[in-house]
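The values are calculated or read from the model by the stated rules, or taken from the named source; none is laboratory data. Keep in mind that what you see is a predicted model, and the values were worked out from it rather than measured. Reconstructed Cβ throughout: ideal geometry from the backbone, glycine too, with neighbour counts over all protein chains shown. The protein model used for the area step is the full one, side chains on, heavy atoms only, and it has no ligands, DNA or RNA in it. Shrake-Rupley method; radii C 1.70, N 1.55, O 1.52, S 1.80 Å.
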Amino acid sequence: GVRRAIELFDRHNQLHHNNQSIILYMHRTGTSRFIDEDNWLIWNIRHLISNLNNNNNKQKENESQSQQEQQKGWRLVIHKGNEAIEDQIAMFHLARIVIGPHGAATANTLFCKPGTHVIEFPGVQHRGDSTNYIAALMGLEFWITPHVWTTNAGFYKTDRWKIESILNTLNHVISMIN
């Protein structure tokens with residue numbers, strides 16, 4: 001209990017010291033609401049973050065800022081849902097952006113700080129209503145990705161166009177934060 005809390009506090013301080021902003025991706029497995037091109041989507045999110053961090057560092061080098069200030073940037077954390085509850089709470093609490101498909105994991109947005117941005121891929125029948133309600137109560141910024149929803153079989157059929165739609169939504173949210 002206490003030891004675990006101290007470890008989480010130390011991890012939080014390290015992230016805060018490095019001034020990193022966390023994008024938390026809610027990875028789904030199983031037979032419902034999974035993304036058929038999940039690895040491709042994660043690769044593209046990492047690529048977007050890498051480009052943002054490289055552009056930010058180049059701009060900061062030109063402004064001759066200190067080394068500590070140059071460490072600011074974005075980092076992707078994958079939530080798989082099988083982590084210890086303390087780790088899941090910490091993940092959602094430290095995230096600046098939470099992104100992923102509608103499902104049970106979105107209930108963890110209750111642990112997010114006010115001002116956190118939540119980007120949801122809605123289910124056909126859900127349209128983001130339940131997560132939007134939680135977000136409004138918790139002071140979170142809620143977004144739904146256009147053009148991305150579950151099929152009748154219950155999974156997210158993605159293609160290049162839909163992944164671009166997700167990345168464009170994420171990039172727009174990041175630009176609002178920066």
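Structure above, values below:
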{"item": "Yes/no for N57 being assigned to a helix (DSSP H, G or I), modelled with pLDDT of 85 or more and surrounded by 13 or more Cβ atoms within 10 Å (Cβ to Cβ)", "result": "no"}
{"item": "Flag if G81 is among the small types (G, A, S) and modelled with pLDDT under 90", "result": "yes"}
{"item": "Selection from region 106-125 of residues that are open to solvent by 40 Å² or more (accessible area, probe 1.4 Å) and not in a loop (DSSP other than H, G, I, E, B)", "result": "A107, L110, F111"}
{"item": "Residue match in region 153-162 (condition: closer than 20 Å to L24 by Cα, at pLDDT 90 or above and surrounded by 14 or more Cβ atoms within 10 Å (Cβ to Cβ))", "result": "no"}
{"item": "Complete set of residues in region 126-141 that are buried (at least 19 other Cβ atoms within 10 Å of the Cβ) and among the hydrophobic types (A, V, I, L, M, F, W, C)", "result": "A135, L140"}
{"item": "Residues that are touching a residue at least 40 places away in the same chain (Cβ under 8 Å) and either more than 17 Å from the chain's Cα centre (by Cα) or assigned to a loop (DSSP other than H, G, I, E, B) (or both), drawn from region 136-177", "result": "T150, G154, F155, Y156, K157, T158, D159"}
{"item": "Residue in region 122-141 that is within 22 Å of I42 (Cβ to Cβ), at pLDDT below 95 and of a type in the set (F, W, Y) present", "result": "no"}
{"item": "Residue match in region 38-45 (condition: of a type in the set (D, E, K, R), assigned to a helix (DSSP H, G or I), under 25 Å from T109 (Cβ atoms) and modelled with pLDDT of 65 or more)", "result": "yes"}
